[in-house]
Amino acid sequence: MNLAPLDLSAAVGTVRYALIFGAVGFGFGFILEMAGFGDTRKLAAQFYLKDMTVLKVMFTGIVVASLMLALASSFGLLDLHRVWVNPTFLWSEIAGGAIMGVGFVLGGFCPGTSLVAAATLKIDGMLFLVGALLGVWAFGETVGSFEPFWLSSDYGRFTLPDWLGLPMGVVVLAIVVVALGAFRLAEVVEARFGGVSPTAGGRGKWPAAIALLAAASVLVVHGQPTPEQQWARAAPATRQRVETRAIFASPAEVVSLRKDTSLEVSILDLRDEHDFNLFHVGGARRTDDAETRAPALVARLLGKPAWAVTFLVSNGETEALRAWESLTAQGVPNLYVVEGGINRWLELYAAPTCVAAPIAQRDADALAYRFEFATGQSLPAASPELPISRGFRLPCGSENEDETLRASGEHHGNVWPEHPFVKRVQLQTKSVVKGGCG
Amino acid sequence: MTTQSAPAGDKPYMDPYLAGALLGVVLFLSFFLTGGGLGASGALSHVQTGALDWVAPKHVDRVAYFAEIAGGARNPWKSTGVYMLIGTLLGALASGLYNRRARLETRKGPRISVKARWAFALLGGVIMGYGARMARGCTSGQALSGGAVLSVGSWAFMFSVFAGGYAVAWLFRKLWT
């Protein structure tokens with residue numbers, strides 16, 4: 001079974017696609033109007049402590065939605081990693097928020113509520129909307145002059161659970177508790193400044209509050225799925241890519257992609273520090289099983305641009321494949337395993353036998369070469385795509401370095417062989433839907 | 001006059017907690033079905049750039065921010081945000097008609113003239129539009145949607161909006177009280 005959210009990439013541009021978003025918008029507009037958000041006085045009263053409807057509606061909406069999202073994920077109905085999370089650009093968001101607070105008090109709406117007011121024929125709402133269109137135009141014209149600030153403090157996909165280092169359920173429970181406290185406070189404030197009895201409102205408030213706390217407690221106990229559980233629920237199409245070997249890219253393909261300057265190619269090396277120090281592909285970054293489950297690495301990979309492709313490599317394929325499954329289950333796109341691992345790499349791009357002698361493999365995920373000394377990424381084989389690495393293969397037994405270089409230039413024809421390969425890497429654009437504000 | 005109750009003749013508004021809970025369900029459905037949240041300001045950006053593209057297509061192609069939306073052959077109108085925007089307008093109109101609240105009028109504080117309210121609505125709109133693009137989202141796209149998926153920046157944004165509003169509310173109290 002494919003988990004929600006729906007994969008809409010095939011439906012882009014169709015009527016069905018437009019209707020889905022239109023229907024969601026319809027519900028949004030209908031409820032905002034029902035709540036009274038078409039009336040600017042009701043909105044502005046929030047800032048004069050007379051009517052806290054804005055806070056109540058917004059905070060209830062956030063709490064209910066985050067509870068439902070976390071529960072759906074916890075019980076395996078929804079893949080949260082494929083849900084768009086607004087990337088954090090901390091300072092431009094804080095600055096923009098403060099500007100909007102001022103605009104809210106002056107104009108009496110936010111963009112969404114002005115739509116509601118305009119649709120219900122409020123002239124002030126229509127004028128606000130015209131103003132907002134002028135405002136976004138002015139921003140487009142001027143952002144070029146302060147782009148470094150606008151693009152600064154980019155934390156990418158960064159959530160409260162990542163920041164606090166707490167499980168999602170605990171964070172949601174804390175938000176529920178804070179929200180209930182805020183509602184209580186809002187009612188006291190309304191009674192003081194707006195002359196409304198704090199006991200006003202439906203009698204269902206207490207049962208509803210208890211239900212929210214209970215749901216959040218279930219979330220804390222049940223927890224979020226581990227990468228293994230998520231992999232177990234992965235779509236059959238994803239598993240098939242492993243069986244058909246569509247996710248295994250030959251070292252020759254990696255090398256050819258590393259030459260392509262329009263791509264951002266990175267290599268994650270799953271081996272231990274010892275093997276990594278003996279030899280690794282140029283620019284590779286070492287990682288381990290624990291890190292592939294940590295939010296930091298996943299967030300970094302999810303935050304990569306659409307032209308980024310990441311390769312996982314181990315000595316053979318076993319460990320890299322395990323990391324691939326874990327990271328893929330966590331929603332990381334454009335991820336591949338280096339076919340045959342480092343052992344195959346060194347077969348195609350050989351190190352001199354006096355540095356690394358082939359030995360019989362003990363098991364498939366052990367290094368099949370015995371290195372005389374740690375070479376790191378200093379061997380030409382670590383970066384076969386670089387022109388300077390051509391012909392640098394030191395013939396063994398030569399003492400004089402200058403002589404060696406000259407000799408190798410003559411003997412090896414200055415190029416690595418062009419190994420044929422089956423193209424496996426297909427860049428996949430990330431989720432099309434960025435939320436309404438993308 | 002308190003603003004708690006709707007004006008005479010109008011149906012009272014829905015209980016805020018009930019409205020909030022329903023809003024939460026719509027927001028959840030948006031994420032559950034489409035993978036994205038609700039929003040309005042991004043769509044405004046598309047509408048604005050689309051209009052600019054009729055008037056000055058070359059200018060749109062030259063300014064990076066506009067080119068990203070409508071540069072070259074890109075169609076600013078075929079965006080999920082625009083579909084959602086049309087839905088939002090229709091949904092609000094439907095509720096307004098159903099509750100008999102859709103009528104041509106201006107809502108304002110008791111102490112300012114209608115013309116002054118119009119001027120401030122326009123000015124507030126400009127500031128709001130500018131700030132919303134600066135923050136990469138408005139109250140719906142950032143605070144509501146980003147808040148529900150626990151984005152750190154969206155929560156910082158939310159507090160910043162309230163802080164900005166409360167900071168100047170006293171200064172502009174004549175507009176509303």
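Yes/no per residue for (1) open to solvent by less than 50 Å² (accessible area, probe 1.4 Å); (2) over 30 Å from A:LEU321 (Cβ atoms):
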position	(1), (2)
A:ALA179	yes, yes
A:HIS222	no, no
A:PRO236	no, no
A:ARG239	no, no
A:VAL242	yes, no
A:ARG245	no, no
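Taken over segment A:208-231, the criterion of being of a type in the set (Val, Ile, Thr) and within 13 Å of A:ASP79 (Cα to Cα) is satisfied by A:THR226 alone. Just for segment A:17-41: of the residues that are outside any helix (DSSP H, G or I) and within 7 Å of another protein chain (Cβ to nearest Cβ), which one is surrounded by the most Cβ atoms within 10 Å (Cβ to Cβ)? Per the stated criteria, the residue is A:GLY38.
Kindly establish whether A:GLY341 is at pLDDT 85 or above, surrounded by 15 or more Cβ atoms within 10 Å (Cβ to Cβ), in the same structural domain as A:GLY282 (by TED's automatic domain parsing) and at positive phi. So A:GLY341 fits the description; yes.
Within segment B:56-79, residues that are without any contact (Cβ under 8 Å) to a residue 60 or more places away in the chain and more than 9 Å from every other protein chain (Cβ to nearest Cβ) reach partners that are open to solvent by less than 30 Å² (accessible area, probe 1.4 Å) and of a type in the set (Val, Ile, Thr) with beta carbons closer than 6 Å, at six or more positions or on different chains, in the pairs B:ALA70/B:THR49; B:ALA70/B:VAL60; B:PRO76/B:THR49; B:PRO76/B:ILE69.
Just one of the listed residues (A:ALA132, A:ALA119) is without any contact (Cβ under 8 Å) to a residue 24 or more places away in the chain and buried (at least 23 other Cβ atoms within 10 Å of the Cβ), namely A:ALA132.
A:ASP51 satisfies every condition listed in (1) within 7 Å of chain B (Cβ to nearest Cβ); (2) in contact with a Lys or Arg (Cβ under 9 Å, 6 or more places away or on another chain); (3) within 28 Å of A:LEU185 (Cα to Cα); (4) assigned to a helix (DSSP H, G or I) except (4).
Scanning segment A:298-330 for residues that are among the aromatic types (Phe, Trp, Tyr) and assigned to a strand (DSSP E or B) turns up just one, A:PHE311. Looking at segment B:62-177, the helices (runs of 4 or more DSSP H) lying wholly inside it that each contain 3 or more residues that are open to solvent by 60 Å² or more (accessible area, probe 1.4 Å) sit at B:80-98, B:114-134, B:152-169.
I'd like to check something: does segment B:13-31 contain any residue that is assigned to a helix (DSSP H, G or I) and out of contact with any helix residue (DSSP H, G or I) (no Cβ under 9 Å at 6 or more places or on another chain)? Checked against the condition, which is being assigned to a helix (DSSP H, G or I) and out of contact with any helix residue (DSSP H, G or I) (no Cβ under 9 Å at 6 or more places or on another chain), segment B:13-31 yields no hits at all.
Of the residues A:SER431, A:SER389, A:SER378, A:SER398, only one is within 18 Å of A:VAL281 (Cβ to Cβ) and modelled with pLDDT under 65; which? Only one candidate qualifies: A:SER389.
When you scan segment A:73-80, do you find a residue that is surrounded by fewer than 21 Cβ atoms within 10 Å (Cβ to Cβ) and touching a strand residue (DSSP E or B) at 6+ places or on another chain (Cβ under 9 Å), even just one? Checking segment A:73-80: at least one residue is surrounded by fewer than 21 Cβ atoms within 10 Å (Cβ to Cβ) and touching a strand residue (DSSP E or B) at 6+ places or on another chain (Cβ under 9 Å). Looking at segment A:84-137 only, could you name the residues that are in a helix (DSSP H, G or I), of a type in the set (Val, Ile, Thr) and within 7 Å of chain B (Cβ to nearest Cβ)? Listed by number, the residues that qualify are A:ILE94, A:ILE99, A:VAL102, A:VAL105, A:VAL116, A:ILE123, A:VAL130, A:VAL136.
The values are calculated or read from the model by the stated rules, or taken from the named source; none is laboratory data. What you see is a predicted model, and the numbers here were worked out from it, not measured in a lab. Note that we place each Cβ from the backbone using ideal geometry, even for glycine, and neighbour counts take in every protein chain shown. When the accessible area is computed, the model is the full protein with side chains, heavy atoms only, and any ligands, DNA or RNA have been set aside. Shrake-Rupley method; radii C 1.70, N 1.55, O 1.52, S 1.80 Å.
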